[in-house]
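Undergrad: Please read through the structure below; I'll follow up with questions.
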Amino acid sequence: EFNASATGGPFAPSARAAAVAAQRLPPSQVLELHANGSQRQMRTDYASILQQLQLSVRDLRMLRSHAAEIVVHESRIVYDLGELKGCIFRDRVVLLEAQREAARSLHRSLLLHLHQLNGRAASTTTSTFALSVFEVVLEETTAGF
């Protein structure tokens, strides 16, 4: 879970550099949507996001850049597709800069898709959730093509 007031303990050198870089970024509206349908919205800084999501320095650089990129880790997918930025986990998706219209549109699509997914099978696995969220993110990104 996010804790916007969290203060970090001792940082590893790479994590410390990322935290310093994250402090220079303005606060972001963050939306967290879980596979069970629960959701939470908050305004927090990138340093807290970095710590809570356990992002790497490379992930932070990618999220700050303007180049479209998707990075797949063992436990998450981090994406920056221009107006859409976030992290997909097995059991939840975190939308960064959720105040943007593209993120609000993605949120609506995710809610609809999640409702359909949960209605189809009571045995929806968390890996199915992550893959279906990634599919919706890509569909939203390519909708204008």
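The values are calculated or read from the model by the stated rules, or taken from the named source; none is laboratory data. Source: prediction; values computed, not measured. With ideal geometry, Cβ positions are generated from the backbone for all residues, glycine too; neighbour counts draw on all protein chains shown.
Undergrad: Quick one: which of Ile70, Ile49, Ile88, Ile77 is free of Cβ contacts under 8 Å to residues at least 12 places away in the same chain and touching a Phe, Trp or Tyr at 6+ places or on another chain (Cβ under 9 Å)?
TA: After ruling out the rest, the residue left standing is Ile70.
Undergrad: Tell me which residues, restricted to segment 23-39, are modelled with pLDDT under 80, in a loop (DSSP other than H, G, I, E, B) and surrounded by fewer than 13 Cβ atoms within 10 Å (Cβ to Cβ).
TA: Arg24, Pro26
Undergrad: Out of curiosity, is Gly144 of a type in the set (Gly, Ala, Ser), modelled with pLDDT under 85 and part of a helix (DSSP H, G or I)?
TA: Taking the combined requirement at face value, the residue does not satisfy it.
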